[in-house]
Amino acid sequence: MRRTNLNTPFSNLTNFLSNPAITQCPLTGCLYLEGATKRPCISFHGVSTPVYRVMAEATIRELCTTDVVRHKCDNGFCFNPDHLELGNIRENNKDRGNFSPN
Ligand SMILES: [Zn+2]
């Protein structure tokens, strides 16, 4: 029996990125899912995981549970890899304090 091994850890991310509702803001460059009311999640290693976190894992490095993915753009819905960076909880909380609400 042949084994099919076409599934990579990021195949769900690839599928997600083909969604025609994905939009890029012309002003900020943020990538987001049009009409989403909460952060989109996909299955990653069998666990529902925010898309931005899977994107960080695909483009930065494998994440550990203590890694926090920070949004340089302060848009929690965004999954543009250029807008993501890794940090820790303390840094993430400090980010929130530095941004003023719109
Ligand atoms: Zn962004």
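Every number in this text was worked out from the coordinates using simple rules, so none of it is lab data. In this text the structure is predicted, and so the values were computed from the model without any measurement. For neighbour counting, all protein chains shown are included, and Cβ atoms are generated from backbone atoms with ideal geometry for every residue, glycine included.
Within 15 Å, Cβ to Cβ, of residue 29, how many net charges do the neighbouring residues add up to if Lys/Arg are +1 and Asp/Glu are -1? Please report the intermediate quantities before stating the final value.
Working: positive: 72; negative: 74, 82, 85.
Result for the local shell: -2.
Local charge sum around residue 19 (other residues, Cβ-Cβ under 15 Å, Lys/Arg +1, Asp/Glu -1)?
With Lys, Arg at +1 and Asp, Glu at -1, the net is 0.
At q = 0.13, 0.16, 0.22 Å⁻¹, what log₁₀ I(q)/I(0) does the chain have when each alpha carbon counts as one equal point scatterer in the Debye sum?
With no solvent term, the Cα-only Debye profile gives -0.50, -0.73, -1.28.
Go ahead and run the numbers for FRET between residue 94 and residue 11, Cβ-Cβ distance against an R0 of 22 Å, rounding to 0.05. Intermediate values should be presented prior to the final figure.
Details: r = 35 Å, r/R0 = 1.59.
The value I calculate is 0.05.
Once both labels are modelled 7 Å past Cα along the beta-carbon direction, what's the residue 18-residue 34 spacing in nm?
That separation, rounded to one decimal, is 1.9 nm.
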